[in-house]
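Participant: One structure, as structure tokens, below. Some questions next.
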Amino acid sequence: MPDERNTIDIFRRAGPGVVHIRARLALQPPMEGDGGTGTGSGFVLDTAGRILTGFHVVRDRNVIEVTLGNGRRAAARLIGTAPQLDIALLQVEASATELAALPLGDSEGLLVGQKVLAIGNPLGLHNTLTVGVVSALRRNLGDLPMEMEDVMIQTDAAINPGNSGGPLLNSRGEVIGINAATATGAQNLGFAIPIHLVRQVLADLVAMGHPYSPALGFTGTEINPEQARLLGLPVEAGILVQEVFSRSPAARAGLRTGTRIVVLGEQVIVLGGDIITSLAGEPVNSMGQVARALLTARPGGELLLGINRDGRLLQLGLRLPSMAMQVED
């Protein structure tokens, strides 16, 4: 069958590029099942020995061992992390013949129903293949950093403990996601980080060890049509500025907060300030969109904000600092 041949071919090509990762503290004995040893998956990014995996697999651990596709174990060192995207970049010393780099695909054009394949090490079972489809897109799992709001890929390809950090592949064998989570107490519900977000920070991880992540110097609350009508706001969606910190990029750009305070249940809202309605010409209604825009921002660059100020539409250019003033943790 053509579909079976496609699955077999992808596994033959991609399997050698998937690695098994074990991470622990230096003073801790390398024992299985002790709760202090992180196990997961990863994949070869290039023949220079760079490997992508999940940040939570290696977090707070300083001894990392990678089992390559040929079965050889190699020590790895950490060269970059993006905790806000739950990714880590490792380096191993290996010959080019031992490193089968996996090509990165495009996750922005995914459609529900597309075939996907996951390869990893669930429960320590090296190079396990599962197959499924894209079940949904732009999922929000709740307690995640702003950058990860409404972006996760949902799949019914079986993902279990140990799959974290491994690749989610399309039918061309390209990585379109990094497997990250399963739904507790549910079956056939796995989630992956879209690879286009990872692409946006890779150069920074190699060059600096972390993404450029400047502090803009303001806080905001997301508004919806119901709140807008209740509070008498001039727009139905956007980000209502709550606080602007002095000497920050937001303050220098002229962003304003209000002075009138209302209480909605347990939420305190400051009224009268600017309402951000667009970012770089695109409609914006969540702080997650602002956080993701910063993934592609450059030091000294400018973010163009469209705002509504007392019913008037204005454009503000927010100049970014030359170096990151804050790194998300």
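No value in this document is a laboratory result; all are computed from the given coordinates. Remember, predicted model here, so these are calculated numbers, not experimental data. All Cβ positions, glycine included, derive from the backbone under ideal geometry; neighbour counts span all protein chains shown.
Participant: Can you list residues from other chains, or at least 5 along the same chain, whose modelled amide H is less than 5 Å from the amide H of VAL19?
Facilitator: GLY42, PHE43, VAL44
Participant: Still on this structure: Please rank VAL206, VAL19, fewest neighbouring Cβ atoms within 10 Å first, as an exposure proxy.
Facilitator: Ranked by crowding around the Cβ, least crowded first: VAL206, VAL19.
Participant: What is the calculated FRET efficiency for ASP60 to VAL268, with r their C-beta to C-beta distance and R₀ = 22 Å, to the nearest 0.05?
Facilitator: Efficiency for this residue pair is about 0.05.
Participant: Mind running the shape call on segment 1-158? Use the C-alpha gyration tensor, a ≥ b ≥ c as the square roots of the eigenvalues: rounded below 1.5 for a/c, prolate if a/b tops b/c, oblate otherwise.
Facilitator: Verdict is oblate for segment 1-158.
Participant: Can you list the residues, at least 5 places off or on another chain, whose amide H is less than 5 Å from the amide H of LEU104, using H built in the peptide plane?
Facilitator: Those lying under 5 Å, H to H, from LEU104 are VAL175.
Participant: Further question: When a/c reaches 1.5 or more, the comparison of a/b and b/c decides; with that in mind, is segment 181-319 rounded, prolate or oblate per its Cα gyration tensor?
Facilitator: It is oblate, given that a/c is not under 1.5 and a/b is not larger than b/c.
Participant: Can you list residues from other chains, or at least 5 along the same chain, whose modelled amide H is less than 5 Å from the amide H of VAL151?
Facilitator: Amide H to amide H, under 5 Å and 5 or more residues apart or across chains, VAL151 pairs with ARG139.
Participant: Here's a follow-up. By counting other Cβ atoms within 10 Å of each Cβ, how are ARG172, ARG139 ranked from fewest to most? Could you put the intermediate results ahead of the total?
Facilitator: On the way: ARG172 10, ARG139 18.
Fewest-to-most Cβ neighbours within 10 Å comes out as ARG172, ARG139.
Participant: Which length gain, in nm to one decimal place, applies between MET1 and ARG73 when the Cα-Cα distance is subtracted from 0.36 nm times their residue separation?
Facilitator: Stretched fully, the MET1-ARG73 segment lengthens by 22.3 nm.
Participant: Related question: Could you tell me which GluC sites (Glu not before Pro) in segment 203-281 are loop residues by DSSP with no more than 16 other beta carbons within 10 angstrom of their beta carbon?
Facilitator: Of the GluC sites (Glu not before Pro), the ones in loops of segment 203-281 whose Cβ has at most 16 other Cβ atoms within 10 Å are GLU236, GLU266.
Participant: Which angle from 0 to 90°, rounded to the nearest 10, does the C-alpha axis of helix 2-14 make with the longest principal axis of the chain?
Facilitator: For 2-14 against the chain, the angle is about 90 degrees.
Participant: Spelling out what I want: for every residue of segment 297-313, take phi, set θ = phi - 60°, compute 6.51 cos²θ - 1.76 cosθ + 1.60 (Karplus), and round to whole Hz; glycine and proline get x.
Facilitator: Couplings: 6, 10, x, x, x, 10, 9, 8, 9, x, 10, 10, 10, 6, x, 9, 8 Hz.
Participant: Given 0.36 nm per residue, what is the gain on full extension from GLU93 to ALA136 after removing their alpha carbon distance, in nm?
Facilitator: Roughly 11.7 nm would be gained on extension.
Participant: Sort ASP60, ASP9, ASP86, ASP143 by Cβ crowding within 10 Å, fewest neighbours at the top.
Facilitator: Lowest to highest Cβ neighbour count: ASP143, ASP60, ASP9, ASP86.
Participant: Same structure again: Where the only charges are on Cβ atoms (+1 Lys, Arg; -1 Asp, Glu), what is the dipole of the chain about its Cα centre, to the nearest 20 debye? Don't jump to the answer; show the numbers that get you there.
Facilitator: Values: 26 positive and 31 negative charges, 108 e Å.
Charge dipole, the chain, about its Cα centre: 520 debye, nearest 20.
Participant: Something else: Say we join alpha carbon atoms closer than 10 Å with springs in a Gaussian network model of the chain; which of GLY124, GLY258, GLY17 then has the biggest fluctuation?
Facilitator: Maximum fluctuation in the GNM of the chain, among the listed residues, is at GLY258.
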